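J.: Sharing a structure here in structure tokens format.
What follows is calculated from the coordinates using simple rules that are stated; it is not laboratory data. Note that the structure is predicted; figures quoted are calculated from it, not measured.
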Amino acid sequence: MVKAYCVKCKEKGVTMKDPVINETAKGGFMAKGLHEKCGTKMCAMMSKANADKAIESGEAKKGPKAAPKKKA
Ligand SMILES: [Zn+2]
């Protein structure tokens with residue numbers, strides 16, 4: 001279960017609807033989804049272990065990995 005804080009409802013630990021987990025350029029994991037109740041976009045930082053678990057269990061989709069910035 002991917003959970004996050006909803007800024008609109010001011011509620012902690014609400015379940016994220018349709019979460020997509022992206023690996024950030026810094027090697028962290030960020031889940032993005034919606035609060036089912038109000039439709040507000042939420043995001044949460046995750047550990048690699050939790051991100052892998054959520055993706056493997058089918059709770060979350062894996063998003064594209066952030067491309068490292070290249071020098072022009
Ligand atoms: Zn909400």
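J.: Amide H neighbours of E36 under 5 Å, counting only residues 5+ apart in sequence or on other chains, H built in-plane at 1.01 Å?
T.: K17
J.: Give the long-range amide H neighbours of A60: residues separated by 5 or more places, or on another chain, with amide H under 5 Å away, using H modelled in the peptide plane at 1.01 Å from N.
T.: The answer is I55.
J.: For each pair in K8/K41; K17/K69; K8/K53, compute the distance between the two Cα atoms and list the pairs where it is over 21 Å.
T.: K17/K69; K8/K53
J.: May I pose another question? Determine the gain in length on full extension of the stretch K62-A25; use 0.36 nm per residue of separation and subtract their C-alpha separation, reporting nm with one decimal. Please list the in-between numbers first.
T.: Working: separation 37, 0.36 × 37 = 13.32 nm, distance 1.48 nm.
Additional length available on full extension: 11.8 nm.
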